[in-house]
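Novice: I am attaching a structure below and will ask some questions about it afterwards.
What follows is calculated from the coordinates using simple rules that are stated; it is not laboratory data. Nothing here was measured: the structure is a model prediction, and the numbers come from that model. Glycine also receives a Cβ, built like all others from the backbone with ideal geometry; neighbour counts cover every protein chain displayed.
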Amino acid sequence: MVRTPLTPLERERGRFLGALLRQARGERSMAEIAAAAGISAETLRKIETGRAPTPAFFTIATLAATLGLGMDEIARRCAAVTAPPEDSAAA
């Protein structure tokens, strides 16, 4: 099965989600949060940097619970993200 390429909006929401989780992590280490959520530190790193812009629902649910975030808050904030402006050089 071939995966459909992500849209610019989906990539931007992924970057936003990563930044939101990184901010919520605060001073706690990536390894500490990843272990508490039952995921690898590399997976958390990819999510936080936007390299994994569409992580699995249950991964985000577990991270949200670990970080004390509500899923409704995450969904609301990510839904407000708009697509980045198109590169004028490509036009």
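Novice: Scan region 6-91 for GluC sites (Glu not before Pro) in coil per DSSP, keeping those whose Cβ has at most 16 other Cβ atoms within 10 Å, and list them by number.
Specialist: 27, 86
Novice: Where does the charge balance sit around residue 61 when Lys and Arg score +1, Asp and Glu -1, over other residues with C-beta under 14 Å from its C-beta?
Specialist: Details: positive: none; negative: 72, 73.
Summing Lys/Arg as +1 and Asp/Glu as -1 gives -2.
Novice: Which residue fluctuates most in the GNM of the chain (Cα springs below 10 Å): 13, 77, 28?
Specialist: 28
Novice: According to a simple spin-label model (label point 7 Å from Cα along Cα-to-Cβ), what is the distance in nm between residue 36 and residue 77?
Specialist: So the two model labels end up 1.6 nm from each other.
Novice: Using a cut-off of under 11 Å, list every residue of region 4-38 whose amide N is near the label point 7 Å from the Cα of residue 65 along the Cα-to-beta-carbon line.
Specialist: Residues 37-38 fall inside that zone.
Novice: Springs between alpha-carbon pairs under 10 angstrom, Gaussian network model over the chain: which of 36, 56, 19 fluctuates most?
Specialist: Most flexible of the set in this elastic network: 56.
Novice: Also: Can you compute the helix-only [θ] at 222 nm over the chain? Use -39500 (n - 2.57) per DSSP H run of at least 4 residues, normalise by all residues, nearest 500 deg cm²/dmol. Don't skip to the end; give the middle numbers.
Specialist: Values: 5 runs with 55 residues, N = 91.
The per-residue figure over the chain is -18500 deg cm²/dmol.
Novice: Can you give the translational diffusion coefficient of the chain in µm²/s, computed by Stokes-Einstein from the Kirkwood radius over Cα pairs at 20 °C and 1.002 mPa s? Intermediate values should be presented prior to the final figure.
Specialist: Working: Rh = 13.8 Å.
It comes out at roughly 155 µm²/s.
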